[in-house]
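Undergrad: Could you have a look at this structure, given as structure tokens, before my questions?
The values are calculated or read from the model by the stated rules, or taken from the named source; none is laboratory data. Quantities reported herein were computed from a predicted structural model and do not represent experimental measurements. We place every Cβ from the backbone using ideal geometry, glycine too, and count neighbours over all the protein chains shown.
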Amino acid sequence: MNTSETLQATLTVTTDSAQTRTTLRSVGAVLCGLLSTVILTTAVDLALHASGVFPPHGERMADALFVLALAYRIPLNAAGCYVAARLAPARPTRHALALGFVGLPLATLGAVMMWEHGPAWYSLANIAIALPCAWVGARLRGARS
């Protein structure tokens with residue numbers, strides 16, 4: 001192998017390695033955003049159950065309490081998308097929106113699983129807010145990509 005071929009092989013490996021790192025950082029950014037959303041919403045849910053605002057687990061909540069749950073999920077979902085955008089190695093808006101697109105099937109799965117445990121509007125609203133929250137999260141980051 002001559003010097004030119006060695007240099008070409010080194011550049012190829014370096015480029016592939018950098019591309020792999022960027023891809024892993026992108027996936028990590030979206031996963032961190034998702035994880036932060038799940039942790040925050042679960043923590044608020046548990047705190048509201050423990051404080052007596054929400055009834056004990058297993059009891060159906062009044063519709064007004066579902067309004068409260070949706071009211072805090074909206075900013076917390078946007079915050080998770082902000083985290084994804086903030087941690088993105090490039091193109092923060094795409095990362096925030098990617099999390100929104102991950103949220104769509106997750107919210108749909110949640111709606112199917114919880115359909116009998118709450119009002120239909122709540123399940124449908126959780127699906128409907130996924131992409132708008134992602135957009136807001138991207139805007140909070142100040143992303144213009």
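Undergrad: Mind counting the residues in segment 86-96 that are surrounded by fewer than 22 Cβ atoms within 10 Å (Cβ to Cβ) and either more than 13 Å from the chain's Cα centre (by Cα) or of a type outside the set (S, T, N, Q) (or both)?
TA: Pass one, segment 86-96, residues surrounded by fewer than 22 Cβ atoms within 10 Å (Cβ to Cβ): 86-87, 89-91, 93-94.
Now narrow it down to the ones that are either more than 13 Å from the chain's Cα centre (by Cα) or of a type outside the set (S, T, N, Q) (or both): 86-87, 89-91, 94.
Residues flagged as surrounded by fewer than 22 Cβ atoms within 10 Å (Cβ to Cβ) and either more than 13 Å from the chain's Cα centre (by Cα) or of a type outside the set (S, T, N, Q) (or both) within segment 86-96 amount to 6.
Undergrad: Could you please find all residues in segment 33-47 being more than 16 Å from the chain's Cα centre (by Cα) and under 13 Å from Arg73 (Cα atoms)?
TA: Val44, Asp45
Undergrad: Can I ask one more? Against the condition in contact with a Ser or Thr (Cβ under 7 Å, 6 or more places away or on another chain) and assigned to a helix (DSSP H, G or I), how does Val102 come out, does it pass?
TA: Spelling it out, it is not the case that Val102 is in contact with a Ser or Thr (Cβ under 7 Å, 6 or more places away or on another chain) and assigned to a helix (DSSP H, G or I).
Conditions tested, residue by residue: (1) part of a helix (DSSP H, G or I); (2) of a type in the set (A, V, I, L, M, F, W, C).
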{"residue": "Thr37", "(1), (2)": "yes, no"}
{"residue": "Thr41", "(1), (2)": "yes, no"}
{"residue": "Phe54", "(1), (2)": "no, yes"}
{"residue": "Ile74", "(1), (2)": "yes, yes"}
{"residue": "Ala85", "(1), (2)": "yes, yes"}
{"residue": "Ala98", "(1), (2)": "yes, yes"}
{"residue": "Leu106", "(1), (2)": "yes, yes"}
{"residue": "Ala125", "(1), (2)": "yes, yes"}
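Undergrad: Ok, one more. Would you confirm whether or not segment 60-79 contains a residue that is touching a Ser or Thr at 6+ places or on another chain (Cβ under 8 Å) and of a type in the set (A, V, I, L, M, F, W, C)? Give the steps one after another, and end with the answer.
TA: The first filter runs over segment 60-79 and keeps only residues touching a Ser or Thr at 6+ places or on another chain (Cβ under 8 Å), leaving 72-73, 76-77, 79.
Among the residues that remain, those that are also of a type in the set (A, V, I, L, M, F, W, C) are: 76, 79.
For segment 60-79, residues touching a Ser or Thr at 6+ places or on another chain (Cβ under 8 Å) and of a type in the set (A, V, I, L, M, F, W, C): present.
Undergrad: Given Arg91, Arg141, Arg73, which one is of a type in the set (Lys, Arg), within 27 Å of Ala18 (Cα to Cα) and touching a helix residue (DSSP H, G or I) at 6+ places or on another chain (Cβ under 7 Å)?
TA: After applying the criteria, what remains is Arg141.
Undergrad: Give Leu31, Leu68, Leu97 a once-over and let me know the one that is touching a residue at least 24 places away in the same chain (Cβ under 8 Å) and closer than 24 Å to Leu140 by Cα. Show your work before the answer.
TA: On the way: Leu31 fails: touching a residue at least 24 places away in the same chain (Cβ under 8 Å); Leu68 fails: touching a residue at least 24 places away in the same chain (Cβ under 8 Å).
None of the other options fit; the residue is Leu97.
Undergrad: Look at segment 116-139 and say how many of its residues are at pLDDT below 95 and over 16 Å from Val67 (Cα atoms).
TA: Adding up the residues that qualify gives 1.
Undergrad: If the requirement is being within 20 Å of Ala43 (Cα to Cα) and touching a Phe, Trp or Tyr at 6+ places or on another chain (Cβ under 8 Å), which of these qualifies: Tyr82, Tyr122?
TA: None of the others qualify; the one that does is Tyr122.
Undergrad: Next question, about the same structure. Note down all Cβ pairs under 9 Å where the first residue falls in segment 108-132 and is surrounded by 15 or more Cβ atoms within 10 Å (Cβ to Cβ), the second is not in a helix (DSSP H, G or I), and they're at least six residues apart or on different chains.
TA: Gly118/Arg60; Gly118/Met61
Undergrad: For segment 38-67, give me each residue that is out of contact with any Phe, Trp or Tyr (no Cβ under 8 Å at 6 or more places or on another chain), surrounded by 15 or more Cβ atoms within 10 Å (Cβ to Cβ) and farther than 19 Å from Gly80 by Cβ.
TA: His49, Phe54
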